[in-house]
Ligand SMILES: Nc1ncnc2c1ncn2[C@@H]1O[C@H](COP(=O)(O)OP(=O)(O)OP(=O)(O)O)[C@@H](O)[C@H]1O
Ligand SMILES: [Mg+2]
């Protein structure tokens with residue numbers, strides 16, 4: 001796939017801008033707080049219908065304005081598509097694709113394939129389990145519409161169960177009925193996560209070895225209470241733990257507790273790895289994510305690289321530049337010195353919410 005053109009109006013610190021992308025590196029260069037990440041965010045919003053920086057949609061509207069628009073034109077399987085996101089202050093968000101309103105975002109996620117890599121991404125290696133789950137779920141959702149729907153349904157059940165657990169009188173029968181539904185969702189989610197992690201690991205092994213001259217071996221282990229359980233065993237497990245849920249007034253078991261462990265040469269890298277090892281592991285995971293999406297969807301994802309060149313040493317920058325040579329990428333940076341001798345690049349300067357070539 002290829003992004004052709006982005007138009008934004010009243011988005012973050014931009015009034016009105018229009019960008020035509022090239023099918024190579026699109027580099028946004030500028031000092032801090034000029035609007036580089038905002039460009040990445042606007043593209044991400046077209047892919048997922050929401051921001052990764054805020055849960056409050058209205059924050060993206062320019063401070064003194066009432067509404068904002070994002071429009072992205074892209075090419076996929078030789079057809080031209082247009083996605084428009086309109087938002088006004090009373091929080092009415094409308095997304096259309098080729099002029100037709102998207103009612104369920106699950107119908108659209110996975111159409112614009114992106115892999116995003118920003119300084120915050122290091123949390124995947126170093127941060128809490130939720131960051132790793134979000135990483136895996138983002139890949140799973142882009143790979144499968146039904147995964148996203150099942151995940152949403154599971155989260156609705158979980159929310160309801162947690163409300164029931166906070167009541168003075170616990171309606172156990174109702175919770176057992178919820179467990180029945182949840183066990184079905186858990187089975188599907190765990191199987192899909194397990195499969196996806198397997199594919200990710202296969203790709204990651206080769207990337208990590210080439211990034212480290214064969215010195216480092218990566219392993220990824222999926223941690224879940226439900227691996228290899230059937231639906232009835234999952235239901236029983238949930239029922240058996242209900243007494244703890246009641247004591248804690250919250251669900252203690254479920255796929256919302258899953259995690260992945262990442263090892264380098266059999267050592268848990270998030271806990272014991274050096275800064276360089278953590279960054280290498282992250283770069284490996286992101287490129288493996290890219291390759292899994294590329295293979296499974298038979299399409300070329302877009303790489304969104306936000307301010308990561310300053311995080312990487314020259315060996316890794318060179319590896320990354322060589323890697324992205326054949327793909328389309330959107331890169332932001334404060335220092336563009338790394339682009340000498342790079343072909344197929346368009347450089348745009350970002351200055352206080354304005355762009356210039
Ligand atoms: N709703 C908004 N309205 C107006 N300006 C906003 C809004 N939201 C954020 N901004 C401003 O947008 C500016 C640019 O943000 P952005 O994160 O894109 O900067 P950046 O160029 O990526 O900087 P850095 O190099 O520090 O990461 C910031 O100064 C921020 O205060
Ligand atoms: Mg930024």
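A compact table of results
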item: Residue count for the stretch 335-347, restricted to those that are farther than 17 Å from residue 303 by Cα, surrounded by 15 or more Cβ atoms within 10 Å (Cβ to Cβ) and out of contact with any helix residue (DSSP H, G or I) (no Cβ under 7 Å at 6 or more places or on another chain); result: 1
item: The lone exception for residue 53 - which of (1) surrounded by fewer than 21 Cβ atoms within 10 Å (Cβ to Cβ); (2) modelled with pLDDT of 95 or more; (3) within 16 Å of ligand 2 (Cβ to nearest atom) it fails; result: (2)
item: Yes/no for residue 221 being in contact (Cβ under 8 Å) with a residue 24 or more places away in the chain, loosely packed, with under 13 Cβ neighbours inside 10 Å and within 25 Å of residue 283 (Cα to Cα); result: yes
item: Residue 80 being touching a residue at least 40 places away in the same chain (Cβ under 8 Å) and surrounded by fewer than 18 Cβ atoms within 10 Å (Cβ to Cβ); result: yes
item: Strands (runs of 3 or more DSSP E) within the stretch 1-93 that include 2 or more residues within 14 Å of ligand 1 (Cβ to nearest atom) and farther than 19 Å from residue 357 by Cβ; result: 67-76, 79-88
item: Count - residues of the stretch 94-131 that are without any contact (Cβ under 8 Å) to a residue 60 or more places away in the chain and part of a helix (DSSP H, G or I); result: 7
item: Counted residues, the stretch 274-332 - those being within 16 Å of ligand 2 (Cβ to nearest atom) and surrounded by fewer than 17 Cβ atoms within 10 Å (Cβ to Cβ); result: 1
item: Residue list for the stretch 327-357, restricted to those being out of contact with any strand residue (DSSP E or B) (no Cβ under 8 Å at 6 or more places or on another chain) and assigned to a strand (DSSP E or B); result: 351
item: Residue 60, sole failed condition from (1) within 16 Å of ligand 2 (Cβ to nearest atom); (2) under 24 Å from residue 342 (Cα atoms); result: (2)
item: Options 194, 206; residue that is closer than 30 Å to residue 278 by Cβ, in a helix (DSSP H, G or I), free of Cβ contacts under 8 Å to residues at least 24 places away in the same chain and not assigned by TED's automatic domain parsing to the domain that holds residue 318; result: 206
item: Test result for residue 28, within 15 Å of ligand 2 (Cβ to nearest atom), outside the structural domain of residue 134 (by TED's automatic domain parsing) and over 20 Å from the mean Cα position of the chain (by Cα); result: yes
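The values are calculated or read from the model by the stated rules, or taken from the named source; none is laboratory data. None of these values were measured; they are calculated from a predicted model. All Cβ positions, glycine included, derive from the backbone under ideal geometry; neighbour counts span all protein chains shown.
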